[in-house]
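S.K.: Got a structure here, written out as structure tokens. Questions coming.
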Amino acid sequence: AASLEPKAQTLAVGNPNFHGWANQLPGAEAEARSVAGALSCSNEHEGTKRLLGNRATKQAVVTAMRESDIIHLATHGEPDGVVLSGATGDEGMLTMGQVQSLELRARLVVLSECDSFRGKLSSDGVIGITRAFVAAGAPTLVASLWKVDDAATRELMRRFYARLLEGGAVGDATAAMQGAMVSMIRDPERGRPWSVLEWAAFVVYGL
């Protein structure tokens, strides 16, 4: 008998409107659109919500994250927060404490932003925004170790999702990221090689 369980939702956030207090990220918007297109083709997912520009407010993103199986956030990041749309920096900042209080069902969260794997080093590891997402229930995260290049990140994520969703279902995130990175090292169609700093920032964290 066919399963009566509803297919999962997915979320792609890109280039929130920072209203002048932070630089806009047009490449992140293009990345989010590309990711949304890839996710919408997955057999496991019913639909993908895109929150771009003014729509990517903290309230809208938090509501959508609670309903999503895969979450992709392409925006500015801090070691202790995710930057979303708001009239001021304080209004747009999704903090560690706010993330930690969420009850997420997401199996994968991709923090496609600068410094998202950084944080305070303690005896039991790095305490930062990635730890907050784990505490909220996300078993696997993709996060960055340093400031990332806009165009290179967009290309890396395109290749990552192509491998992750190969065959129409969500596969192994670690293997997908490894394959995406290797493909950027060995890219005969590009005029120059991708540098290590352009593709090596992202790590897969968790299960």
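The values are calculated or read from the model by the stated rules, or taken from the named source; none is laboratory data. Since the model is a prediction, treat every value here as computed from it, not as a measurement. FYI the Cβ positions are ideal-geometry reconstructions off the backbone, even for glycines, and counts take in every protein chain you see. What goes into the accessible areas is simple: the full protein's heavy atoms, side chains included, and nothing from ligands, DNA or RNA. Shrake-Rupley method; radii C 1.70, N 1.55, O 1.52, S 1.80 Å.
S.K.: Is one or more of the residues making up the range 159-166 in a loop (DSSP other than H, G, I, E, B) and either open to solvent by less than 20 Å² (accessible area, probe 1.4 Å) or at pLDDT below 95 (or both)?
M.R.: Yes: one or more hits.
S.K.: While we're here: With (1) surrounded by 15 or more Cβ atoms within 10 Å (Cβ to Cβ); (2) closer than 22 Å to C41 by Cβ as the list, and T95 as the residue in question, which single condition is left unmet?
M.R.: Exception for T95: condition (2).
S.K.: Considering each of V170, V142 in turn, give the residue that is at pLDDT below 90, open to solvent by less than 60 Å² (accessible area, probe 1.4 Å) and either among the polar types (S, T, N, Q) or not in a helix (DSSP H, G or I) (or both).
M.R.: V170
S.K.: Regarding the range 146-154, can at least one residue be identified that is assigned to a loop (DSSP other than H, G, I, E, B) and of a type in the set (G, A, S)?
M.R.: No, there is no match, as no residue in the range 146-154 is assigned to a loop (DSSP other than H, G, I, E, B) and of a type in the set (G, A, S).
S.K.: Mind checking whether some residue in the range 114-130 is assigned to a helix (DSSP H, G or I) and either of a type in the set (S, T, N, Q) or touching a residue at least 12 places away in the same chain (Cβ under 8 Å) (or both)?
M.R.: Yes, the range 114-130 contains at least one residue that is assigned to a helix (DSSP H, G or I) and either of a type in the set (S, T, N, Q) or touching a residue at least 12 places away in the same chain (Cβ under 8 Å) (or both).
S.K.: If a residue must be farther than 24 Å from G47 by Cα and in a helix (DSSP H, G or I), how many such residues does the range 175-194 contain?
M.R.: Matching residues across the range 175-194 total 9.
S.K.: Can you tell me which residue is nearest to G167 (Cα to Cα) among those in the range 30-47 that are at pLDDT below 90 and surrounded by fewer than 18 Cβ atoms within 10 Å (Cβ to Cβ)?
M.R.: Among those residues, the one meeting the criterion is N43.
S.K.: Given the criterion open to solvent by less than 40 Å² (accessible area, probe 1.4 Å) and hydroxyl-bearing (S, T, Y), identify the matching residue among S183, S195.
M.R.: From the options S183, S195, the qualifying one is S183.
S.K.: Do the conditions hold for R50, that is, is it farther than 22 Å from A200 by Cα, modelled with pLDDT of 95 or more and touching a Ser or Thr at 6+ places or on another chain (Cβ under 8 Å)?
M.R.: Taking the combined requirement at face value, the residue does not satisfy it.
S.K.: Within the set of pairs 6 or more residues apart or between chains, which connect a residue that is over 18 Å from S68 (Cβ atoms) and surrounded by fewer than 22 Cβ atoms within 10 Å (Cβ to Cβ) inside the range 1-29 to a residue that is among the aromatic types (F, W, Y) and modelled with pLDDT of 95 or more with Cβ atoms less than 8 Å apart?
M.R.: Q24/F18
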